[in-house]
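Colleague: There's a structure below that I have some questions on.
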Amino acid sequence: MPFRPFFLLTALDALLAVGLWLPVLLGWDVSGLIADPPGWHGRALLFGTLPAMMAGFLRTALPRWTGRPLVGAGLWRFLVSLWLAGRALSPWVATAHAPFLAALALLVIAQVAAARNRRNAIVAALLGALAGAALCDAVPSALALSLGLVMVLGGRIAPSLTATHLGLPGKADLFTGRPWFERAAALSAAGALAGWLLAPDSGTTAAACLLAALTQTARLLQWRGWRTLDRPSVLAVHTAYACIPLGFVAVAASPGMATHLWTAGALGLMGVAVMSSMIRKHIGNAFARSAVVTACYAFTALAVVARAMAVLAGEEGPVWLLAASCAWSVAVLLFLAAFGRPLVLGRP
């Protein structure tokens, strides 16, 4: 299970990066540990937690996607040390995770170039840009790039898992692929995210975001997610992807809500769903039913709702923030209860 160290670090870091809010919301002084808790929280998730998950996923998926053995297999183990060094320095050095992201991007570029696999060039390019965002400490740009990665990879994972669940030979039997529509959806999303970064309050940006919401919703609906209502592990992927168009809709009404629909929902829930699906596949029970894992998805979704509500709650905002932090922490603990043994010991 080549993803083991990365997924374990992801889970532990997700507990730390969000669990930090619990003492802050309870009024404890953590300035001795972290000078800027809100700033560190955002950087930790976008430059540390999510990239660790991406490293584990790509370390496992790239050989199959490119059709050749992993390039620089020994160097991937070095990434663990780079990530740990970045996390140790991150409370004091804002750009501490840039070396890890740069190394990850270079390894992906090497794999794609060796296989002459143009289909995955976009993944390598987005990772390289994310490394640049980490070096410049550009948190909003990192969120936009991370959403781009979720849109690319979610467009492969969601229909493939759905087709497998329904017993279809492949996702081509689930829907008819239309390259022109995929390009249009990608361009509309890129334009909307660019507007959100450069002019978030403009009417043009609002219109672009509504167009992106429509195209991403249409993209999601063609994957037939409603046919997975009896399979929480697949439904969670569709639900996470749905947070992308919901975030675009929220940009015009509440930019703060959009940010958290994207971070906690599209990135957080998708990360939990993808990791659990990959772990289950490798231990031989890809679609097994588990009350613990289903509860993990439910608490993650509850954290998304509570975090979005905190933006609208006014004086009650801290209560919703506390609820979101508790729900997220419970979700991560449930994930570790379900998958800690295979991640630590390498066996079911």
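The values are calculated or read from the model by the stated rules, or taken from the named source; none is laboratory data. Here the structure is a predicted model, which means the values were calculated and not measured. All Cβ positions, glycine included, derive from the backbone under ideal geometry; neighbour counts span all protein chains shown. Just so you know, the surface numbers come from the protein's heavy atoms only, side chains and all, with ligands and any DNA or RNA stripped out. Shrake-Rupley method; radii C 1.70, N 1.55, O 1.52, S 1.80 Å.
Colleague: Evaluate the relative contact order of the chain (contact order divided by residue number), counting alpha-carbon pairs under 8 angstrom at least 6 apart; express in whole percent.
Modeller: 17 percent
Colleague: With all protein chains present and a 1.4 Å probe, how do Lys171, Lys281 order by accessible area, largest first?
Modeller: The ordering from most to least exposed comes out as Lys281, Lys171.
Colleague: Next question, about the same structure. In percent, how large is the relative contact order of the range 165-226, given Cα pairs closer than 8 Å and 6 or more residues apart?
Modeller: Value for the range 165-226: 38 percent.
Colleague: Write down the accessible area per residue of the range 75-130 in Å², having rolled a 1.4 Å probe over the full set of protein chains.
Modeller: Solvent-accessible surface per residue comes out at 49 Å².
Colleague: Next up: When the Cα centres of the range 47-121 and the range 153-228 are compared, how far apart do they sit, in Å?
Modeller: 25 Å
Colleague: Restrict the search to the range 263-344; then list the chymotrypsin sites (Phe, Trp or Tyr not before Pro) that DSSP places in a loop and that have at most 16 other Cβ atoms within 10 Å of their Cβ.
Modeller: Phe287
Colleague: Counting Lys and Arg as +1 and Asp and Glu as -1, each charge on the Cβ, what is the dipole of the chain about the Cα centre in debye, to the nearest 20?
Modeller: Value, rounded to 20: 1680 debye.
Colleague: Limiting things to C-alpha atoms, what are the Rg and the maximum Cα-Cα separation (Dmax) for the chain, in angstroms?
Modeller: Cα radius of gyration and Dmax of the chain are 19.1, 56 Å respectively.
Colleague: While we're looking at this one, here's another question. Quick one: accessible area per residue over the range 193-334, 1.4 Å probe, rounded to a whole number of Å²?
Modeller: 41 Å²
Colleague: Charges on Cβ only, +1 for Lys and Arg, -1 for Asp and Glu, centred on the Cα centroid of the range 215-294; of Val251, Ser277, Ala236, which one is farthest towards the dipole's positive end?
Modeller: The residue sitting most towards the positive pole is Ser277.
Colleague: Note down the relative contact order for the range 58-201 as a percent, whole number, built from C-alpha pairs under 8 angstrom at least six residues apart.
Modeller: 16 percent
Colleague: Further question on the same structure: Roughly how much of Val305 is accessible, in Å² to the nearest 10, using a 1.4 Å probe?
Modeller: Approximately 90 Å² of Val305 is accessible to the 1.4 Å probe.
Colleague: For the range 27-173, give the percent of accessible area contributed by carbon and sulfur heavy atoms, probe 1.4 Å, rounded to a whole number.
Modeller: It is 66 percent, rounded to a whole number.
Colleague: Please give me the summed charge of the neighbours of Gly155: other residues whose Cβ is under 11 Å from its Cβ, Lys and Arg +1, Asp and Glu -1.
Modeller: +2
Colleague: Still on this structure: Over the range 266-337, with every protein chain in place, what whole percent of the accessible area is carbon and sulfur at 1.4 Å, could you tell me?
Modeller: 72 percent
Colleague: Multiply the residue separation of Glu182 and Leu229 by 0.36 nm, subtract the distance between their alpha-carbon atoms, and state the gained length in nm to one decimal.
Modeller: 14.4 nm
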